[in-house]
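Have a look at the structure below before the remarks.
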Amino acid sequence: MIDISQEQILDLLKASPNIRFTAQDIIHSIKGGLRKERFYENMRKLEKMDCIKKEKGCWIYVSE
């Protein structure tokens, strides 16, 4: 189950495929903000998806 903040993160990454986003980029881009602890919890869940990759501290949405 994807919660609202996970959905917002996924939408942000999908909107810019193959672009690297740092934690800071994502946290500041989420409307209403996002606590760091919550961010990392959400990213661990999203990293399980085949389309989300983590490289050198950045996350990337890999389009097909």
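Considering the values (1) 22, 65, 13, 0; (2) 20, 28, 27, 20, 5, 0; (3) 21, 47, 25, 6, 0, which represents P(r) over Cα pairs in 10 Å bins from 0, in percent as calculated for the structure under consideration?
Looking at P(r) over Cα pairs in 10 Å bins from 0, in percent for this model, the match is (1).
Per 0.36 nm of contour for each residue apart, how much would the distance between His28 and Glu7 grow if the chain were fully extended, relative to their Cα-Cα spacing?
Contour length minus Cα-Cα distance gives 6.0 nm.
Given points 7 Å out from each Cα along the Cα-Cβ axis, report the Asn18 to Asp50 separation in nanometres with one decimal.
Result: 1.9 nm between the two label points.
Using a 10 Å Cβ count of at most 16 others and DSSP loop calls, identify the longest part of the chain lacking such trypsin sites (Lys or Arg not before Pro).
Longest stretch, sites excluded: 1-19.
At a threshold of 8 angstrom on Cα-Cα distance, excluding pairs fewer than six apart, so keeping six or more, what relative contact order does the chain reach in percent?
This gives 41 percent for the chain.
Which net charge results when you count Lys and Arg as +1 and Asp and Glu as -1 among the other residues whose beta-carbon is under 13 Å from that of His28?
Net charge around His28: +2.
Coordinate-derived values only; no laboratory data. Owing to the predicted nature of the structure, the values given are computational and were not obtained by experimental measurement. No Cβ is skipped: glycine too gets one built from the backbone with ideal geometry, and neighbour counts run over all protein chains shown.
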